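Participant: This is the structure I have questions about; it appears just below.
The values are calculated or read from the model by the stated rules, or taken from the named source; none is laboratory data. A quick note: this is a predicted structure, and the numbers were derived from the prediction, not measured. Cβ placement follows ideal geometry from the backbone for every residue including glycine, while neighbour counts extend to all protein chains displayed.
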Amino acid sequence: MDRAGTAGRVLGHPHVRVEGRAKVTGAAVYASDHRDGPVAHAALVTSTIACGRVTGFDRRAAEAVPGLLAILTHRDCAGAIAPVRHLMAGGFVNSAHRPLASDRVTYAGQIVALVVARTPEAAARAAALLGVGYEAEPAAGSFDDPGAEAVRLADLKPGHADIAKGDPEAAWAAAAARVEARYETPIQHHNPIELFTTRCAWDGDRLTVHEPTRYVGAVRHGLAAQLGLDPDRIRVVSGLLGGHFGSKFALSQHTALIALAARRLGCPVSLVPTRRQGFTIANYRPESRHDIRLAADRDGRFTALVHEAAVITSRFDPFAMEGADVTASLYACPALRTQERAVRVDRNTPGPMRAPPEVPYLFALESAVDEMAWHLGLDPIELRRRNDTATDPVSGRPFSTRPLMACFAAGAQAFGWEHRLPGAGAMRDGPWRVGLGCAASVRPVKIAAAMMRIRLSPDGAAEVATAHHEIGNGITTLLAMGLADRLGVPVERVSVRLGDTALPPAGISGGSSTTTSLMNALALGCDQLRGQLSRALTAPGRPFAGCEPDSLRLVGGRLLAPDGRALRCPEAVGLLDPAGIETLAEFVPAGSKPDALDSLRAGHIGLTLGGDHLAWAFGAQFAEVRIHAETGEIHVPRLTGAFAAGRVLNPLTAKSQLTGGMIWGLGSALLEETVLDGAAYRNPDLAEYLVPSAADIGAVEALLVPDPDAHVNALGVKGLGELGIIGVNAAIANAVFHATGRRIRRLPIRIEDLL
Ligand code: MOS
């Protein structure tokens, strides 16, 4: 689509992904596709016990494999990798576990050896033939196992505070209606198509890493600290990610091993771990438990909420996602208490999976709210309306906007909520019990400092460059659209360079903050270009002579003076410098720490929640379920979501993100679960770890609800990458109750729950 001449009218209109064609035709290049020069191939050997020590290796059969180059174990690598802290604790790694540092085994599936060979097949063969002796000790797999150790989140994470407001116990005792229940969510694993690959190559003492990551800065600075190198000697390139679902967010534990192997062998080494290994060398969404007590008066106004939550974590990392801050602030309520714990077990460290806290925590709260509606005989949307609030019940701060009930109204209308017959089991279609359910989706808006270089040539070509990443969210397209919109160049003439530490430094692409942060940075950069042009072109003899530089505005791709004189941006650039002009934008959002830019350069995570208001994105999820009265088979023929996430810059990619999230939510409600066998994962592949297939997915509709927000940031953008998945699980569970009268409080909901 040629959008030349549509300056000022590009953002806010649908535009296909600029890299979409390459992706769907197979031309797109992913990290493990890089094939420059000879390369050796690595394979991992992972532990079959969860706890204990490695007693020895039998290398004979492995060493007989033709093409074998090296076998590395803790006997070769102890001390080679320096310890580095977790990204969330001021460091760079997604797990502080150091593979091959000693003979200790701290979880099942831990790396115990690295094999390198001339071909991937030889490496895999030798890895399979390497004999490993173990001495096993008892291991704790989950909450109730002996040895599982509960710690208060406040003790694990400095800065975490449980919430206490009013007197929930007194309100509970005096309440007209009470819901008290435990809700549970399962382990879920990210299963991207591009696996957790890496490729390391040395050129003298310079290291280049090709790895799909959404934080090249953390990989660079983490490797520098692990290997004792100057960060300037490390270049990290992360092109298209091939999926992440919340993984690939920091330095992985295997990258330094591959770098070491490449240095020892004197040639580049590539690792494509197996999908099964991805379950234990990367992270996962941990199982969680939520004990909720919700009290209301006769009119359904909440009088007390107590949310006690527990999530699993590893023995050695401080990773645990807080979520009760969101559940406590969602509805008006005078008495609140939250308590969050992490339970340490002998497993690998969990990590963020999209909408890390909201998906499990809101399953609990939004199920409890539905239970309360049934208890009171109220429509669940009406109950939410009675507890809507314009201010945060915890801090008293105003929400920047609060379109939650607008989302419910828009969603209810599109979904046909008025056709819902009240009464559990009231709707039936032949052998199918029909149920309709809804739930809220909310997520705090995050934003971060960002840097980018913008260049504009007189011929209308433009370039935007930042180390930030295309994680599948469509940011490449948005950046091109943004420059087209502001500078009046065609989208097709904008070259977008991303995912490379050689470019201006970037933070993590996460927390749904990328669009918000980068588009504000882009706006700043364009304003700097305007400033450069204005200062030069208001000089005597220049086209805007006599004007104050600051009076010139950038409108529709033209520099415009108050007296009506105007000049297209590329022409203006031509008058200034035929080689083109460039600027480096350094965007620091309100609410950032003073050292935000230094922190960005140093690879430290720097997401902030912004200024004086509580800024959230909102949504309302609606689900229709059909459950076979005899077989218990569950179908979800329809999902409708209505979302308000500030200004939407590309409705096409926004809707596709939201729709994808909703489908994932369906999987979260009915299919996805990693099953434990002791402390090991029993179903670590896509044959047995179920995700929705086309046959599971019915009509899915994502609506965009207008949400003009003057407070959240200059552009009014909120980010919506994770909003679509949130609340779908509760909407489906609530629909299941409507269909059957069965309240399922543990996900995923299975046929056997409904027989
Ligand atoms: Mo998201 S998994 O908080 O980037």
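Participant: Would you please name the residue that is farthest from the chain's Cα centre (by Cα), looking only at residues in region 192-216 that are within 30 Å of Tyr689 (Cα to Cα) and away from the ligand (no atom under 16 Å from the Cβ)? First the steps, then the outcome.
Facilitator: Step one: of region 192-216, the residues within 30 Å of Tyr689 (Cα to Cα) are 192-199, 210-216.
In the following step, the residues that additionally are away from the ligand (no atom under 16 Å from the Cβ) were identified as 193-195, 197-199, 210-211.
Details: Ile193: 16, Glu194: 16, Leu195: 17, Thr197: 19, Thr198: 20, Arg199: 24, His210: 21, Glu211: 18 Å.
Checked region 192-216; the qualifying residue farthest from the chain's Cα centre (by Cα) is Arg199.
Participant: May I ask you to list the residues in region 674-696 that are under 25 Å from Leu639 (Cβ atoms) and touching a residue at least 60 places away in the same chain (Cβ under 8 Å)?
Facilitator: Thr674, Leu686, Tyr689, Val691, Asp696
Participant: Related question: Just to be sure, is Val105 within 22 Å of Ala250 (Cβ to Cβ), of a type in the set (Val, Ile, Thr) and under 30 Å from the mean Cα position of the chain (by Cα)? Explain how you work it out, then say what you get.
Facilitator: Numbers: within 22 Å of Ala250 (Cβ to Cβ): no; of a type in the set (Val, Ile, Thr): yes; under 30 Å from the mean Cα position of the chain (by Cα): yes.
Against the criterion (within 22 Å of Ala250 (Cβ to Cβ), of a type in the set (Val, Ile, Thr) and under 30 Å from the mean Cα position of the chain (by Cα)), Val105 does not qualify.
Participant: Another question, if that's okay. Could you check region 324-352 and list, in sequence order, the residues that are within 16 Å of the ligand (Cβ to nearest atom) and either touching a helix residue (DSSP H, G or I) at 6+ places or on another chain (Cβ under 6 Å) or closer than 26 Å to Phe737 by Cβ (or both)? Walk me through how you get there before you give the answer.
Facilitator: Just the residues of region 324-352 that are within 16 Å of the ligand (Cβ to nearest atom), to begin with: 325-326, 349-352.
Val326 - this is the single residue of region 324-352 that is within 16 Å of the ligand (Cβ to nearest atom) and either touching a helix residue (DSSP H, G or I) at 6+ places or on another chain (Cβ under 6 Å) or closer than 26 Å to Phe737 by Cβ (or both).
Participant: Kindly indicate whether any position in region 385-408 is farther than 30 Å from Pro99 by Cβ, hydrophobic (A, V, I, L, M, F, W, C) and free of Cβ contacts under 8 Å to residues at least 60 places away in the same chain.
Facilitator: Residues of region 385-408 farther than 30 Å from Pro99 by Cβ: 385-408.
Those still in the list that are hydrophobic (A, V, I, L, M, F, W, C) too: 390, 394, 399, 404-408.
Cutting the leftovers down to free of Cβ contacts under 8 Å to residues at least 60 places away in the same chain gives us 390, 405.
Within region 385-408, one or more residues are farther than 30 Å from Pro99 by Cβ, hydrophobic (A, V, I, L, M, F, W, C) and free of Cβ contacts under 8 Å to residues at least 60 places away in the same chain.
Participant: Follow-up. Between Asp598, Asp563, which is of a type in the set (Asp, Glu) and either free of Cβ contacts under 8 Å to residues at least 12 places away in the same chain or in a helix (DSSP H, G or I) (or both)?
Facilitator: Values: Asp563 fails: either free of Cβ contacts under 8 Å to residues at least 12 places away in the same chain or in a helix (DSSP H, G or I) (or both).
Every option except Asp598 fails the conditions.
Participant: Another one. Within region 217-238, is there a residue that is more than 16 Å from the ligand (Cβ to nearest atom), under 28 Å from Ala310 (Cα atoms) and at pLDDT 95 or above?
Facilitator: For region 217-238, residues more than 16 Å from the ligand (Cβ to nearest atom), under 28 Å from Ala310 (Cα atoms) and at pLDDT 95 or above: absent.
Participant: Looking at Asn713, Asn729, Asn734 in this structure, which one is assigned by TED's automatic domain parsing to the domain that holds Ala669, part of a loop (DSSP other than H, G, I, E, B) and either touching a Leu at 6+ places or on another chain (Cβ under 9 Å) or buried (at least 17 other Cβ atoms within 10 Å of the Cβ) (or both)? Don't jump to the end; show me each part of the working.
Facilitator: Details: Asn729 fails: part of a loop (DSSP other than H, G, I, E, B); Asn734 fails: part of a loop (DSSP other than H, G, I, E, B).
Matching residue, one of Asn713, Asn729, Asn734: Asn713.
Participant: Only one residue in Ile732, Ile744, Ile725 is β-branched (Val, Ile, Thr) and within 16 Å of the ligand (Cβ to nearest atom). Which one? Break it down stepwise before answering.
Facilitator: Details: Ile732 fails: within 16 Å of the ligand (Cβ to nearest atom); Ile744 fails: within 16 Å of the ligand (Cβ to nearest atom).
Result of the check over Ile732, Ile744, Ile725: Ile725.
Participant: Could you run through region 603-631 and say how many residues are in contact with a helix residue (DSSP H, G or I) (Cβ under 6 Å, 6 or more places away or on another chain) and at pLDDT 95 or above? Step through it out loud before you land on a result.
Facilitator: Keep residues of region 603-631 that are in contact with a helix residue (DSSP H, G or I) (Cβ under 6 Å, 6 or more places away or on another chain), which gives 603, 605-606, 617-623, 625, 627.
Narrowing further to those that are at pLDDT 95 or above: 617-623, 625, 627.
Selection size over region 603-631: 9.
Participant: Starting from region 430-453, take each residue that is surrounded by fewer than 24 Cβ atoms within 10 Å (Cβ to Cβ) and list its partners that are part of a strand (DSSP E or B) and modelled with pLDDT under 95, counting only C-beta distances under 8 angstrom and pairs at least six apart or across chains.
Facilitator: Sorted first by the residue in region 430-453, then by its partner, the pairs are Lys446/Leu607; Lys446/Thr608.
Participant: State all residues of region 544-557 that are of a type outside the set (A, V, I, L, M), surrounded by fewer than 19 Cβ atoms within 10 Å (Cβ to Cβ) and in contact (Cβ under 8 Å) with a residue 40 or more places away in the chain; if no residue qualifies, say none. Walk me through it before giving the result.
Facilitator: Filtering region 544-557 down to residues of a type outside the set (A, V, I, L, M) leaves 544, 546-551, 553, 556-557.
Adding the requirement that they be surrounded by fewer than 19 Cβ atoms within 10 Å (Cβ to Cβ) leaves 546-551, 553, 556.
Result: Gly556, single match.
Participant: Tally the residues that are assigned to a strand (DSSP E or B) and surrounded by 16 or more Cβ atoms within 10 Å (Cβ to Cβ), restricting the search to region 654-710.
Facilitator: Filtering region 654-710 for residues assigned to a strand (DSSP E or B) gives 674, 676-677, 680-681, 699-704.
Checking the rest, the ones that are also surrounded by 16 or more Cβ atoms within 10 Å (Cβ to Cβ) come to 674, 676, 680-681, 700-704.
Qualifying residue count for the region: 9.
Participant: Now for a different question. Would you confirm, using the coordinates I've provided, whether Ala364 is surrounded by fewer than 23 Cβ atoms within 10 Å (Cβ to Cβ) and away from the ligand (no atom under 16 Å from the Cβ)? Step through it out loud before you land on a result.
Facilitator: Values: surrounded by fewer than 23 Cβ atoms within 10 Å (Cβ to Cβ): no; away from the ligand (no atom under 16 Å from the Cβ): yes.
Taking the combined requirement at face value, the residue does not satisfy it.
Every residue, every condition in (1) under 30 Å from the mean Cα position of the chain (by Cα); (2) buried (at least 17 other Cβ atoms within 10 Å of the Cβ), yes or no:
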position: Leu584; (1), (2): yes, no
position: Ala590; (1), (2): yes, no
position: Ala617; (1), (2): yes, yes
position: Ala620; (1), (2): yes, yes
position: Glu630; (1), (2): no, no
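Participant: Within region 410-422, does at least one residue satisfy the condition of being modelled with pLDDT under 95 and either surrounded by fewer than 23 Cβ atoms within 10 Å (Cβ to Cβ) or of a type in the set (A, V, I, L, M) (or both)? So that I can check it myself, show each step before the final result.
Facilitator: So the first thing to find is which residues in region 410-422 are modelled with pLDDT under 95, and the list is 422.
Retained after the next criterion (residues that are either surrounded by fewer than 23 Cβ atoms within 10 Å (Cβ to Cβ) or of a type in the set (A, V, I, L, M) (or both)): 422.
Yes: one or more hits.
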